[in-house]
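Right, one structure below, let's go through it.
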Amino acid sequence: MKCAQCGQKPKNRCNQEGFDCTGGSLDLSDYSLEENLSFHNISEEMRGEFGNSMTRLEEIIEFGKRAGYSRLGVAFCIGLASEAEFVAKVLAQHFKVDSVCCKMSGLDKDEHGMSKIKPDQFEIACNPIGQAQMLNRAKTELNIQLGLCLGHDILFTKYSEAPVTVLAVKDRVLANNPMGVAYGSYWRQKLGV
């Protein structure tokens, strides 16, 4: 599939006509599973009701309420500790909230054979599997990633027993706004597009 390079104007064909360029080769029966049905239905309800009028944080709150969740988890990067404090306070107005920092029970890089920024110094690595384990123990029903490093986010999602959504993606250069690269002519030129 190369939908991003489609010459058929996917906004019209896919969005308005529901055009199936796979020729019906996909098995869509998983949408009927109870475990998936509510996610999809709530998303479509919210989209229809609110359109583009909610922030991502507001969407998470509304989604959590409609899904009947009472306990949410926030897995955050230590670099976004103040943002995590804000997010947890907002969420706590609606849910029980557990939060866990990436450096919680941090890993000794030497002990785990990891590369170091300063090889002659002691360094602690993030613990995304531990973050997932702590939220699993808390029995969170939805976990929210807040600025985890690439790779760490993958491990956190892999080991989280609760479904995971993203509030912020880490981008050290673009103030945690990775799509900024698509909007700036300098970045587009630098990337050769």
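Annotations for the structure displayed:
- Subset of segment 99-144 [touching a helix residue (DSSP H, G or I) at 6+ places or on another chain (Cβ under 8 Å) and not aliphatic (A, V, I, L, M)]: SER99, CYS101, CYS102, LYS103, SER105, CYS126, PRO128, GLN131, GLN133, ASN136, GLU141, ASN143
- For segment 17-56, filtered to residues that are modelled with pLDDT under 75 and surrounded by fewer than 10 Cβ atoms within 10 Å (Cβ to Cβ), the residue that is farthest from the chain's Cα centre (by Cα) is GLU17.
- ARG172 among the charged types (D, E, K, R) and assigned to a loop (DSSP other than H, G, I, E, B): yes
- Residue within segment 124-140 that is modelled with pLDDT under 95, surrounded by fewer than 15 Cβ atoms within 10 Å (Cβ to Cβ) and more than 29 Å from ILE42 (Cβ to Cβ) present: yes
- Restricting attention to segment 66-90, the residues that are within 18 Å of the chain's Cα centre (by Cα), under 29 Å from ILE124 (Cα atoms) and either surrounded by 14 or more Cβ atoms within 10 Å (Cβ to Cβ) or of a type in the set (Gly, Ala, Ser) (or both) add up to 14.
- Selection within segment 91-129: residues that are under 21 Å from PHE63 (Cα atoms) and among the polar types (S, T, N, Q). The member of this set that is farthest from the chain's Cα centre (by Cα) is GLN93.
- Just one of (1) more than 26 Å from SER43 (Cβ to Cβ); (2) of a type in the set (S, T, N, Q); (3) at pLDDT 95 or above fails for SER99. It is (1).
- Residues that are closer than 22 Å to GLY64 by Cβ and surrounded by fewer than 19 Cβ atoms within 10 Å (Cβ to Cβ), drawn from segment 142-157: THR157
- Some residue of segment 155-163 being touching a residue at least 60 places away in the same chain (Cβ under 8 Å), touching a Ser or Thr at 6+ places or on another chain (Cβ under 6 Å) and within 21 Å of GLY130 (Cβ to Cβ): yes
- Looking only at segment 175-193, and only at residues there that are part of a loop (DSSP other than H, G, I, E, B) and of a type in the set (A, V, I, L, M, F, W, C), the one that is nearest to the chain's Cα centre (by Cα): MET179
The values are calculated or read from the model by the stated rules, or taken from the named source; none is laboratory data. Since the model is a prediction, treat every value here as computed from it, not as a measurement. Reconstructed Cβ throughout: ideal geometry from the backbone, glycine too, with neighbour counts over all protein chains shown.
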